[in-house]
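Working notes, beginning with the structure itself.
The values are calculated or read from the model by the stated rules, or taken from the named source; none is laboratory data. Note that the structure is predicted; figures quoted are calculated from it, not measured. So basically every Cβ, Gly included, is an ideal-geometry build from the backbone, and we count neighbours across all protein chains shown.
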Amino acid sequence: MAGVLSNLYYNAKDVKDLVAAYKREGQKGFQLAIERKSKQFENVQIQIAVMGESGSGKSTLINALLGLDENEEGAAPTGGITETTMEITRYPHPTLPNVQYYDFPGLNTPKFPVKKFMKETNFSQYDLGIIVTAVRFTENDKLLAEALKKAGKPFYLVRSKIDETVRAESRKKGYNQEDMFRKVREYCISSLRAAGIQNTSVFLYSAFNLDEFDFPEFREAVVHSLSETQKNLFITALPNTSEAAIEEKREALRPFIQMLSAVSGGIGAVPIPGLSLACDLVLIISGILLIRKILGLDEASLSKLAQRVGTSVTDLWRGTEHNWVFGEITREQVLLLIQRCTVAMALTIAEPFLDFVPILGSIFGATSSFAVTLMMLNNSLDTMVETAKIVLQNAKAAASSEGIGN
Ligand SMILES: Nc1nc2c(ncn2[C@@H]2O[C@H](COP(=O)(O)OP(=O)(O)O)[C@@H](O)[C@H]2O)c(=O)[nH]1
Ligand SMILES: [Mg+2]
């Protein structure tokens, strides 16, 4: 499924190009343009190097960015694991594997062959570097920053464990949080300057609370440093930490929907009876299932979230209007929803679906494949975004009543 998004990631300009190809060369041109674009988008990748001393919080940050708990499959091992190898470990995003984080070894490990490592590492393969510091900017961090700079790559300094600093400092008399943040930032910036590195942004964060402190600004900075196609992919691959993050996903997913609709319109142009409808169904179902997963509304994501915040899935789902998205789906509900062009159909994967083909056929027949696919996916996206926001609120409420950091 992930392949659908990563292989065929279009933005508004691409859709315009496709329309232009259609106007210029007719249906054949449109088909060819879609094929060309599909090939081009297979190569959209984001490779982020996460560096810093052992124990600074690199692996924890990677897991937080991937939305994985440390014990889950595909997560980076954290805490107390002595880094003894020179290896850089790759962690692909579980749903969007073209987004990849690289966990660098801590160069502070005794006897680590720093020189050899620096010589053998190809820094130009990464789109950007994140240097994680928990205390001070070290000589090794400086080497990494210089190597990235030399390779022409942007990098950011992130100060981890700010939650711990807040906890410790807030016990002191006359504590002022803003003053403390300013001091920590100034300290990081002056350490960078002392190492001869100017104009590098510093962000304070807690890996256990990504919607607080400077993390939202950090995210913006990363987005700005990526190419147009990478931006949408990066936003889509971030966890649902705030309503703003969910809203951003809505916009980042629009081009994906336009692309699927354009493909559906393209298939509609092939004169084989039944092909268009079958392909449209596949596109719509796969699109909806992927969007649902990206918004954390699939069963596995909901169960995981419920467990993390110490509540039940039913509780997370409270107040959402669309019980059918998660619950059992009856034939009558599906028929009703399909007629309203909403998402329920996506949840009846494959076979049960075929029953509804005649009804869908009449809807699809009534207007173009492009328009129907676009409308269904857009409606589904809007419904799911609103649902995801309610789920997030419920999760936050559950976490605070349990005293769990979210
Ligand atoms: N409180 C807090 N602890 C953190 C944070 N980031 C990492 N840690 C803890 O710091 C320790 C080392 O983290 P890890 O990710 O394994 O560091 P690495 O060696 O750089 O990969 C672990 O016990 C983490 O739980 C953070 O932002 N806040
Ligand atoms: Mg680690």
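Here are the numbers for this structure:
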quantity: Residue among Gly52, Gly67, Gly79 that alone is away from ligand 2 (no atom under 15 Å from the Cβ) and at positive phi; calculated: Gly67
quantity: Residue ID - farthest from Thr133 (Cα to Cα), chosen from residues in segment 184-198 that are away from ligand 1 (no atom under 16 Å from the Cβ) and crowded, with 18+ Cβ neighbours inside 10 Å; calculated: Ile197
quantity: Qualifying residue in segment 82-104 (condition: among the charged types (D, E, K, R) and more than 27 Å from the chain's Cα centre (by Cα)); calculated: yes
quantity: Residue count, segment 37-61 (criterion: farther than 28 Å from Leu302 by Cβ, in a helix (DSSP H, G or I) and at pLDDT 65 or above); calculated: 1
quantity: Selection status of Ala64, within 26 Å of the chain's Cα centre (by Cα), in a loop (DSSP other than H, G, I, E, B), within 12 Å of ligand 1 (Cβ to nearest atom) and crowded, with 18+ Cβ neighbours inside 10 Å; calculated: no
quantity: Residue within segment 69-76 that is in a loop (DSSP other than H, G, I, E, B), within 12 Å of ligand 1 (Cβ to nearest atom) and either touching a residue at least 40 places away in the same chain (Cβ under 8 Å) or aromatic (Phe, Trp, Tyr) (or both) present; calculated: yes
quantity: Single unsatisfied condition, Met180 versus (1) under 26 Å from Lys396 (Cα atoms); (2) within 16 Å of ligand 1 (Cβ to nearest atom); calculated: (1)
quantity: Some residue of segment 85-98 being among the aromatic types (Phe, Trp, Tyr) and either within 14 Å of ligand 1 (Cβ to nearest atom) or closer than 22 Å to Val309 by Cα (or both); calculated: yes
quantity: Residue under evaluation Asn7, criteria (1) under 30 Å from Asp211 (Cα atoms); (2) at pLDDT 70 or above; (3) away from ligand 2 (no atom under 13 Å from the Cβ), criterion not met; calculated: (2)
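Conditions tested, residue by residue: (1) closer than 18 Å to Lys58 by Cα; (2) buried (at least 21 other Cβ atoms within 10 Å of the Cβ); (3) within 14 Å of the chain's Cα centre (by Cα).
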| site | (1), (2), (3) |
| --- | --- |
| Leu204 | yes, yes, no |
| Asp214 | yes, no, no |
| Glu220 | no, no, yes |
| Val223 | no, no, yes |
| Glu228 | no, no, no |
| Lys231 | no, no, yes |
| Phe234 | no, yes, yes |
| Leu238 | yes, yes, yes |
